[in-house]
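Comments concern the structure below.
The values are calculated or read from the model by the stated rules, or taken from the named source; none is laboratory data. Note that the structure is predicted; figures quoted are calculated from it, not measured. Please note: Cβ atoms are built from the backbone with ideal geometry, for glycine as well, and neighbour counts cover all protein chains shown. Quick note on the areas: whole protein, heavy atoms, side chains included, nothing else; ligands and nucleic acids left out. Shrake-Rupley method; radii C 1.70, N 1.55, O 1.52, S 1.80 Å.
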Amino acid sequence: MYQSLSISGLLTLELHALNNEGAEGNTMMTRMVDIIDQQGRKHTVNAVSGDMFKHIVVEHLLGAARSAGLPLCAGCAVFNANRICADQGFMNTPGWGKETLDSVILGGVIERCAIDDCAGILITGKIGKERSIARKSCFEIGWVVGRPGAVTTDSYFHAKYVPEGRGEGSGQGENLGQNIFHRPASSGQYAAVVNLDLYKVGRNDITLACGLGEPERRSRVTALLRSVLCAFVKPTGAHRNTQNPHVVDFEGIITTSTSSLPAPTVSALNKDYVAELDRLVVALNGLSTGAGSIAARKFNGLAAFAEQMANIERQEAS
Ligand SMILES: [Zn+2]
């Protein structure tokens with residue numbers, strides 16, 4: 001049984017607009033971030049936020065949970081971002097009052113919904129009394145960030161062609177008449193880091209007890225693994241209707257841990273990340289608590305990544 005899993009890789013995307021900051025007039029602005037390289041030099045590069053990539057994973061998790069017949073709350077069943085807080089049946093559970101312990105409510109969250117269990121939720125509102133109960137996410141995703149010197153963004157002119165509406169745009173932002181607009185397209189190699197704390201699936205954050213039977217827990221773990229795989233196969237961010245990204249390549253390393261040692265990761269922003277990770281695995285496996293518990297699987301291409309993740313999923317399911 002894997003306790004944790006990390007993915008570090010370099011994803012090559014062409015001509016995407018998966019994440020944008022907003023628009024100035026009729027010009028859409030993409031996400032740009034500042035990073036510092038190993039030599040201490042600053043670079044401004046295109047990036048897709050971790051919020052967007054987590055949203056992508058959760059969208060796939062909804063499909064995986066439905067396919068596996070896993071329980072979903074009324075909020076997650078319709079992909080409501082408020083998740084279980086939008087489930088009035090849950091928020092008004094009979095028998096829950098001001099004396100009810102937060103750990104009992106948290107146990108109810110885990111039992112009722114696989115997405116709140118895996119992806120986390122902050123429950124605010126009145127359940128007997130005003131509460132703020134955090135269900136922490138079982139997985140963590142960082143910015144998917146362009147490698148300096150290997151990423152580019154340009155802005156392209158587009159027009160909505162209306163044969164009888166030339167020059168009749170209202171000028172007030174309405175989608176009427178013939179509009180012209182500028183939209184960015186970015187291409188490059190993007191470093192991605194993902195960490196899955198599989199041991200947290202089904203585990204109550206307060207009591208630390210697992211609230212699920214083993215078959216249900218395994219089923220949720222395999223759904224989560226599959227949703228992470230699907231997020232790289234189909235990154236369902238913004239503007240896919242006309243800027244479906246060309247996914248050209250994905251290379252990197254998956255590490256796993258069967259002990260309390262974390263599955264290690266080094267960002268692909270470091271050009272030597274593969275060699276660094278190899279040494280990290282050897283170093284951790286040499287510790288008395290983790291002897292032989294850390295494994296690394298390299299992948300060179302999206303298909304190889306999918307094969308490795310499918311193998312891990314099969315091992316977790318059996
Ligand atoms: Zn839910």
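Using every alpha carbon pair in segment 132-291, what percent of pairs falls into each 5 Å bin from 0 up to the bin containing the largest distance?
1, 6, 11, 13, 13, 12, 11, 9, 7, 5, 5, 3, 2, 1, 0, 0
Modelling each spin label as a point 7 Å along the Cα-to-Cβ direction, I'd like the F79/T242 distance in nm, to one decimal.
With each label placed 7 Å out from Cα toward Cβ, I get 2.1 nm.
State in Å² the accessible area per residue of the chain; use a 1.4 Å probe, count heavy atoms of protein chains only, and round to the nearest integer.
Normalised by residue count, the accessible surface of the chain is 48 Å².
Counting every Cα pair in segment 171-246, what percent are over 18 Å apart?
64 percent
Could you please state how large a percent of the accessible area of the chain is carbon and sulfur, counting protein chains only and using a 1.4 Å probe?
51 percent
Evaluate the distance, in nm, between pseudo-label points positioned 7 Å from the Cα of D102 and of S67 along their respective Cα→Cβ axes.
Output for this residue pair reads 3.6 nm.
So how far apart, in nm, are the two label points at M32 and N92 if each is 7 Å from Cα heading toward Cβ?
Distance between the two pseudo-spin positions: 5.1 nm.
Could you give the distance between the Cα centres of segment 1-71 and segment 206-262, to the whole Å?
Their Cα centres are 13 Å away from one another.
Once Rh for the chain is found with the Kirkwood sum over Cα pairs, what is the Stokes-Einstein diffusion coefficient at 10 °C and 1.306 mPa s, in µm²/s?
My calculation gives 73 µm²/s for D.
Please find the FRET efficiency linking T258 to L122, where r is the Cβ-Cβ separation and R0 is fixed at 35 Å, and quote it to the nearest 0.05.
0.70
Only Cα pairs within less than 10 Å get springs; with that Gaussian network setup on the chain, which residue of A23, A296, A159 has the largest fluctuation?
Taking springs between Cα atoms under 10 Å, the residue moving most is A159.
Return a whole-number percent for the relative contact order of the chain, with Cα pairs under 8 Å and 6 or more residues apart as the contact set.
So the answer I get is 29 percent.
Would you list which aspartates and glutamates come within 18 Å of K200, measuring only between C-alpha atoms, while excluding same-chain residues fewer than 8 positions from it?
Filter leaves D102, E111, D116, D117, E140, E214, E216, E313, E316.
Given Cα positions, please report Rg to Rh for segment 1-47, the hydrodynamic radius being the Kirkwood one.
Rg/Rh for segment 1-47 comes to 1.14.
Mind listing P(r) for segment 1-153? All alpha-carbon pairs, 5 Å bins, whole percents.
The percentages, shortest bin first, are 2, 8, 14, 16, 14, 13, 12, 10, 7, 4, 2, 0.
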